[in-house]
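Trainee: I have a structure I would like to understand better, so I am pasting it below and will then ask my questions one at a time.
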Amino acid sequence: MKPRFSNMDRQPSSKKATTMIVVGLIVLAFVVTAAGPLFATKNEHKVSICLANVRSMVLACELYSGDYDGITTDASKWMDSIYPYTKNETITHDVEGIRKGEYGYAYANKASHIHEGSVENPASFPLVYDSTHIKRNAVGDLSTLPSPGRHKGQNTIGFLDGHAKQVHRG
């Protein structure tokens, strides 16, 4: 009777060791990627939150204009207009450099009630951004960006095309 498994079926030990090392490295890479945010500093975490908040507000602005035939919201009530799309009041409050109850974001006054299709380059058209105007539904232009920026010297700007990024004022 033949044995079920013979030594011929086994991989050489060096090949098996290499396979185990590769699997170990893949698992390690996955764990580091998944746990990365846990090791971020407090300031890096706040920068990420602000960036996510601005992206969410810009997306809500896009959803609003989609429901209104491409027309953007009235700047004087922009936070109120996008609330049905976010259902989240928290994202309208910056997490750094302002006091509790203040907002810290503004809507571009030149974006009020315009047709999105009329904007030549939506990727360079600021829509929502960090601002020294701290009241609800604040409106302004980029001259209201905090200087220095609230987030490690940078400010967050969301653009009409939906992207947001950190920028140095200057």
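The values are calculated or read from the model by the stated rules, or taken from the named source; none is laboratory data. Remember, predicted model here, so these are calculated numbers, not experimental data. Cβ coordinates were reconstructed from backbone atoms using ideal geometry, including for glycine residues, and neighbour counts include every protein chain displayed.
Trainee: Just checking, does the stretch 55-69 include any residue being in contact with a strand residue (DSSP E or B) (Cβ under 9 Å, 6 or more places away or on another chain) and exposed (fewer than 13 other Cβ atoms within 10 Å of the Cβ)?
Mentor: yes
Trainee: Identify, please: which residue in the stretch 141-170 is of a type in the set (Gly, Ala, Ser) and closer than 21 Å to Ala111 by Cα and is, among those, surrounded by the fewest Cβ atoms within 10 Å (Cβ to Cβ)?
Mentor: Applying the first criterion (of a type in the set (Gly, Ala, Ser)) to the stretch 141-170 yields 143, 147, 149, 153, 158, 162, 164, 170.
Now restrict to residues that are closer than 21 Å to Ala111 by Cα: 143, 158, 162, 164.
On the way: Ser143: 9, Gly158: 26, Gly162: 14, Ala164: 22.
So, considering only residues that are of a type in the set (Gly, Ala, Ser) and closer than 21 Å to Ala111 by Cα, the one surrounded by the fewest Cβ atoms within 10 Å (Cβ to Cβ) is Ser143.
Trainee: With the condition kept exactly as written, say whether any residue in the stretch 71-85 is more than 27 Å from Glu102 (Cα to Cα), touching a strand residue (DSSP E or B) at 6+ places or on another chain (Cβ under 9 Å) and either outside any helix (DSSP H, G or I) or at pLDDT below 95 (or both).
Mentor: Taking the stretch 71-85 and keeping what is more than 27 Å from Glu102 (Cα to Cα), we get 71.
Now restrict to residues that are touching a strand residue (DSSP E or B) at 6+ places or on another chain (Cβ under 9 Å): 71.
Imposing the further condition that a residue be either outside any helix (DSSP H, G or I) or at pLDDT below 95 (or both) reduces the set to 71.
Yes, that holds for at least one residue.
Trainee: Now a separate question. Do you know which residues across the stretch 122-148 are touching a residue at least 40 places away in the same chain (Cβ under 8 Å) and hydrophobic (A, V, I, L, M, F, W, C)?
Mentor: Ala123, Leu127, Val128, Val139
Trainee: For the stretch 104-152, give me each residue that is charged (D, E, K, R) and not in a helix (DSSP H, G or I). Quick ask: steps written out before the conclusion?
Mentor: Residues of the stretch 104-152 charged (D, E, K, R): 110, 116, 120, 130, 135-136, 141, 150, 152.
Residues satisfying the conditions are Glu120, Asp130, Lys135, Arg136, Asp141, Arg150, Lys152.
Trainee: Continuing with the same structure: Taking into account only those residues within the stretch 92-131 that are within 22 Å of the chain's Cα centre (by Cα) and on the phi > 0 side of the Ramachandran plot, which is surrounded by the fewest Cβ atoms within 10 Å (Cβ to Cβ)?
Mentor: Going through the qualifying residues, I end up with Gly101.
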